[in-house]
Amino acid sequence: MPGATNDPAPTVGDGPLDAAAAMRLALAVSARVHGTTSPNPPVGDVVLVRDGRVAGTGATAPPGGPHAEVAALAAAGERARGGTAVVTLEPCAHHGRT
């Protein structure tokens, strides 16, 4: 898979991540959907709880589906409250399809 490493990706509940590690994970999540999201970019999002542990991840779905932010927040659920979202592209802030 493009952008993948030999290191296993952190999962929900693994140890805390710093900003650089969280971005590497978000990039790996986005690489999983590369080529499937056009005309939208393949975006990855990692939601961290306050202590830096992964609460949820998400990637952009094909057109008509949720963007990465929506998917990651849904995966994180209540654990997202007060946390941090690390996104590979500026979050979408317009009204339209999603």
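The values are calculated or read from the model by the stated rules, or taken from the named source; none is laboratory data. Here the structure is a predicted model, which is why all the values come from computation and not from measurement. Ideal geometry is used to build each Cβ from the backbone, glycine not excepted, and the neighbour counts take in all protein chains shown. Note: areas computed on protein heavy atoms with side chains; ligands, DNA, RNA excluded. Shrake-Rupley method; radii C 1.70, N 1.55, O 1.52, S 1.80 Å.
Things worth noting here:
- Candidates in segment 63-83 are the residues that are open to solvent by less than 70 Å² (accessible area, probe 1.4 Å) and part of a loop (DSSP other than H, G, I, E, B); of these, the one that is farthest from residue 26 (Cα to Cα) is 64.
- For segment 43-60, filtered to residues that are within 10 Å of the chain's Cα centre (by Cα) and in a loop (DSSP other than H, G, I, E, B), the residue that is nearest to residue 75 (Cα to Cα) is 60.
- Residue count, segment 59-88 (criterion: closer than 18 Å to residue 16 by Cα and touching a Pro at 6+ places or on another chain (Cβ under 8 Å)): 1
- Failed condition for residue 51, given (1) touching a residue at least 40 places away in the same chain (Cβ under 8 Å); (2) open to solvent by 10 Å² or more (accessible area, probe 1.4 Å); (3) under 20 Å from residue 84 (Cα atoms): (1)
- None of 29, 86 is modelled with pLDDT of 95 or more, touching a helix residue (DSSP H, G or I) at 6+ places or on another chain (Cβ under 9 Å) and in a strand (DSSP E or B) except 86.
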